[in-house]
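The next block holds one structure in the form of structure tokens; read it before the comments.
The values are calculated or read from the model by the stated rules, or taken from the named source; none is laboratory data. Nothing here was measured: the structure is a model prediction, and the numbers come from that model. Reconstructed Cβ throughout: ideal geometry from the backbone, glycine too, with neighbour counts over all protein chains shown.
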Amino acid sequence: MLIDALDCDDTGFPQGAIGPQRKQFETERGRAGVARLVVVSNRVGVPDRGARAGGLEVAIRPVLKRRGGVWFGWSGRIADDPGPAKTVAQDNTSYVTIDLRKDDYDEFYNGFANRVLWPILHYRLDLAEFTRRDLGGYFRVNEYFATQLEKFLTPDDVIWVHDYHLIPLAKALRERGHKNKIGFFLHVPCPPPEILTALPNHEQLIPALGQYDLVGLQTEVDATNFARYLAIERGLNRVDDEGFAFGDRIVRIGVFPVGVETEAFARLARRAIETQFVREVTESLSGRAMIIGVDRLDYSKGIPERLAAFERFLINFPDLRGKVTYLQITPRSRTGIPEYSDISRKVGEAVGRINGAFGEASWTPLRYINKAHSRTALAGLYRAARAALVTPLRDGMNLVAKEYVAAQDAEDPGVLILSRFAGAARECTAALLVNPYDPEGVAIAINRALSMPLSERRQRQEHNYRILVDNDITHWAERFLDLLEPAERMGRPLVAATAR
């Protein structure tokens, strides 16, 4: 169902929509004063459009599936004349999308968001390429988001904004007079002030987070870094352990490590390993152990460093050649940005070098796939893998690590090899934690994972799985929303919430 969202009546409902459309909208607004949840992100995971199940979508979709509401953001389309927003209503959620012009896409998305904010937030100052034109485009698109979003907002809506693309959005909404509760969650790392201050115009951008009521981050390190920036660079005073005063406003800072649908993903993996696709993959291994890596092709994921470690493993442990196959699934992304073309070339060259040096007619040590796979296929492959290599150079959380743990057979589990610089390392402490910059150390961890006794594998798996159940995606969202808005306004029992 498509609805123009430009012209709305005084309730925020699109003019001219009747019958089932109005019933759907009123359901989203809630009954008897229950607040409607409005999620805002750069991209929207519209059902049945083949949306990539990235980390943000994996986190948000279960929340809206359970609670209902609105998911607002960019459609992914470029248009000369964007026209009105469009709404796709499904179940208890409306997916509202807007198009962008070509210059908006170039300056906001390819420009400032991905060539300045992304590298700096991932500690890569050397890759940041700043222009004032792109900064202007970034603020312009945030203003455009605010203009389109406010067309259907009501005073009772609770707004949850996600990630680095939309840092100034709350400020744009406040300037338009909106007093809603607005929360912000940063899915990527927050570096220390010594790095944040290298961001051109940081004093204009970062303090805009003070217009939110709650800023959520993945780890204690991220929260500490943000708090240090506010105290050192902005001279702001704490009002308590979690809050800072921004003029007459108080912004709270909380730690909310993103989880996964742990038990649901475990059930999916049990079914998926029996699918024809997974059976064909496992049969093609001819009894060899499989190591798996699944990452978007991005320099933050440490794929060249990981390949160097696997190469070192083959050199240092020659008795395991021919007995293990490493499957690396790496869909390409952001192909219009030069840095991503460079990383694609480097990875391709490394794959060719390793297979050329160590491969045999009957065995290819490394399978490198640039094709995205469904969550079902990945769940089955995770369960079939003896080890997973999740070794980003820096990552906000990394849900691949958590999904791998969730997918394992508790009776015969695989081993997670995890970068200590991923947010998931703060929870999955029973993984083999490694320094991704140390190829020798990662090579030793691979050998250890493949030779680990069953009793130790079970013990590590039990510990990590229990942590993931305790902090699954439901608990993550509830903790954030409980702190953002009183529980009775959200239509659920009042439960004490603690920022972890």
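Are any of the residues in segment 124-137 under 23 Å from the mean Cα position of the chain (by Cα) and β-branched (Val, Ile, Thr)?
No: zero hits.
If we keep just the residues of segment 173-205 that are surrounded by 21 or more Cβ atoms within 10 Å (Cβ to Cβ) and β-branched (Val, Ile, Thr), which is farthest from residue 250 (Cα to Cα)?
Checked segment 173-205; the qualifying residue farthest from residue 250 (Cα to Cα) is 188.
Being under 16 Å from residue 215 (Cβ atoms) and acidic (Asp, Glu) narrows it down to one residue among 163, 126; which is it?
Details: 126 fails: under 16 Å from residue 215 (Cβ atoms).
It is 163.
Which of (1) in contact (Cβ under 8 Å) with a residue 60 or more places away in the chain; (2) of a type in the set (Lys, Arg); (3) out of contact with any Gly (no Cβ under 9 Å at 6 or more places or on another chain) does residue 151 not meet, given it meets every other one?
Among (1) in contact (Cβ under 8 Å) with a residue 60 or more places away in the chain; (2) of a type in the set (Lys, Arg); (3) out of contact with any Gly (no Cβ under 9 Å at 6 or more places or on another chain), residue 151 violates only (3).
When you check residue 480 against the structure, is it assigned by TED's automatic domain parsing to the domain that holds residue 185 and modelled with pLDDT of 95 or more, yes or no?
yes
With the condition kept exactly as written, say whether any residue in segment 321-334 is on the phi < 0 side of the Ramachandran plot and assigned to a helix (DSSP H, G or I).
The answer is no, given that none of the residues of segment 321-334 is on the phi < 0 side of the Ramachandran plot and assigned to a helix (DSSP H, G or I).
Checking residue 388 against (1) part of a helix (DSSP H, G or I); (2) of a type in the set (Gly, Ala, Ser); (3) under 22 Å from residue 314 (Cβ atoms), only one condition comes out false. Which one?
If we test residue 388 against (1) part of a helix (DSSP H, G or I); (2) of a type in the set (Gly, Ala, Ser); (3) under 22 Å from residue 314 (Cβ atoms), just (1) comes out false.
Could you give every pair whose Cβ atoms fall below 6 Å, whose first residue belongs to segment 75-91 and is assigned by TED's automatic domain parsing to the domain that holds residue 44 and among the basic types (Lys, Arg), and whose second residue is surrounded by 18 or more Cβ atoms within 10 Å (Cβ to Cβ) and part of a strand (DSSP E or B), counting only separations of at least 6 or pairs across chains?
As it stands, the answer is 77/99; 86/97, since those pairs meet every condition given.
Could you check segment 171-268 for helices (runs of 4 or more DSSP H) lying wholly inside it with 2 or more residues that are in contact with a Pro (Cβ under 8 Å, 6 or more places away or on another chain)?
On the way: elements: 193-196, 202-205, 220-228.
Because the criterion is at least 2 residues that are in contact with a Pro (Cβ under 8 Å, 6 or more places away or on another chain), the helices (runs of 4 or more DSSP H) in segment 171-268 that meet it are 220-228.
The rows are residues; the columns are (1) surrounded by fewer than 21 Cβ atoms within 10 Å (Cβ to Cβ); (2) assigned to a strand (DSSP E or B); (3) out of contact with any Gly (no Cβ under 7 Å at 6 or more places or on another chain).
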| site | (1), (2), (3) |
| --- | --- |
| 278 | no, no, no |
| 283 | yes, no, yes |
| 293 | no, yes, yes |
| 297 | yes, no, yes |
| 300 | no, no, yes |
| 306 | no, no, no |
| 312 | yes, no, yes |
| 319 | yes, no, yes |
